[in-house]
Amino acid sequence: MRRLELVRALLRNETSILRVLALGDAKAAREFGAGFATRGGVACTSARAFPIALLHRAIGFGSLVRADQSTLDQVVRHYKTLGLPARVELDERVAPAIAARLLERNGFAREEFVHHVHVLEAASAPRPVTIGGLTIDRVTARTAKSFGAATARGFAVEGTPLGEFFDRVSVAAVRTATDRVAAFLPRVDGEIAGTGMAFLSPGVCGLYSGSVFEPFRGRGIQNALIAERVRFGLSRRRRIFVSQTEGDNPSSHNLREMGFRHLYTATFYLKPTA
């Protein structure tokens, strides 16, 4: 697969799961102002209560579609209608240089943080990761509440409105998108030690919500979660796997250990509300 085709396949996986998370729990979407729309071919996610990059950005400018003024105008109008600042994700080494210049000419400023996008193309299962006392359970509708609470803990926002949002939308995804979502709970001697989710789109399995709680870190549990989700994707005839990290952090090192390679870096440009 050519590089641009690969990037587009990965972005479609990401935008698909963001749509599921934004709209899967209609009551949560109303309460927290979560939304998903497409403007000029760009996927626009929004979260009025939490306008952070993870939940609130336009994806695909210069990668899924051309970077031009008409497309950007549609994106800006969408967020202006919502009364929210416009944030555009720019995929470096994918989007043309004119994309950044166009954003800057329109009053956008680059933010400091970045996301690294990692990819694995595999036809066989990864090496097994054996850890004493570790089991990895597939989440069911019955155990979805435990997964939702663990997701909030994994993002270190339990007991907050953002934690409640992550909890509820994660539960909804497990229960409503059963053909695309598989969630996993690692346990050490029966105690929940983290989370992991896999999301299927055509040809691609995305690895999301991967976390290991602090008391259980340093044992290789994240690598075991990566391997489990890759095995799941292979069982569903996916051969391309994607995962994102916030910069070059321990999770990115674990992904490399499991055979992933860095494909591109996503940067973010913000245009404040007038």
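Every read-out reported here was derived from the displayed coordinates using simple, explicitly stated rules and does not represent laboratory data. Treat the numbers as computed from the prediction; the structure is a model and nothing was measured. Methodologically, a virtual Cβ is constructed for each residue, glycine included, from the backbone with ideal geometry; neighbour enumeration extends over all protein chains shown.
Descriptive notes on the structure:
- Selection of trypsin sites (Lys or Arg not before Pro), the range 49-103, meeting DSSP coil and at most 14 other Cβ within 10 Å: 93
- Choice from 29, 49, 227 showing the highest fluctuation, given a GNM over the chain with Cα pairs closer than 10 Å: 49
- The stretch between residue 124 and residue 48, if pulled fully straight at 0.36 nm per residue, gains 23.2 nm over its current Cα-Cα span.
- Based on Cα contacts under 8 Å between residues 6+ apart, the chain shows a relative contact order of 25 percent.
- Rg/Rg_ref, the range 104-207, where Rg_ref = 2.2 N^0.38 Å and atoms are Cα: 1.31
- Between residue 137 and residue 156, the contour length at 0.36 nm per residue exceeds the alpha carbon distance by 4.7 nm.
- In terms of overall dimensions, the range 41-83 has a Cα radius of gyration and Dmax of 10.5, 30 angstrom.
- Rg(Cα)/(2.2 N^0.38 Å) for the range 1-46, N = residue count: 1.35
- Charge context of residue 148, other residues only, Cβ under 9 angstrom, K/R +1, D/E -1: +1
- From the coordinates shown, semi-axes √(5λ) of the Cα gyration tensor in Å corresponds to which of (i) 35, 23, 16; (ii) 31, 22, 16; (iii) 43, 22, 17: (ii)
- Sequence-distant lysines (8 or more away, or on other chains) whose Cα lies within less than 23 Å of residue 145: 27
- Only helices reaching 24 angstrom along their own axis (Cα) with mean Kyte-Doolittle hydropathy no lower than 0.0 count here, and for the DSSP H runs of the chain these are 3-23.
- Formal net charge of residues neighbouring residue 174 (Cβ-Cβ distance under 15 Å; K, R +1; D, E -1): +3
- Based on Cα contacts under 8 Å between residues 6+ apart, the range 121-263 shows a relative contact order of 26 percent.
- Across q = 0.10, 0.20 Å⁻¹, the range 135-274 modelled as identical point scatterers on its alpha-carbon atoms has Debye log10 I(q)/I(0) values of -0.34, -1.29, in the order of the q list.
- Shape call, the range 206-254: gyration tensor on alpha carbons, a/c limit 1.5: oblate
- Centre-to-centre, using Cα atoms only, the range 131-169 and the range 92-108 are separated by 37 Å.
- What the Cβ-Cβ distance of residue 214 and residue 265 gives, at R0 = 30 Å and to the nearest 0.05, is a FRET efficiency of 0.65.
- Here the range 3-86 is assigned +1 on the Cβ of each Lys and Arg and -1 on the Cβ of each Asp and Glu. Its dipole about the Cα centre then comes out at about 60 debye.
- Least to most buried among 27, 271 (fewest other Cβ within 10 Å first): 27, 271
- In this Cβ point-charge picture (+1 for Lys and Arg, -1 for Asp and Glu), the range 55-198 has a dipole of about 300 debye about its Cα centre.
- Cα-centre dipole for the chain with unit charges at Cβ (Lys and Arg positive, Asp and Glu negative), debye to 20: 780 debye
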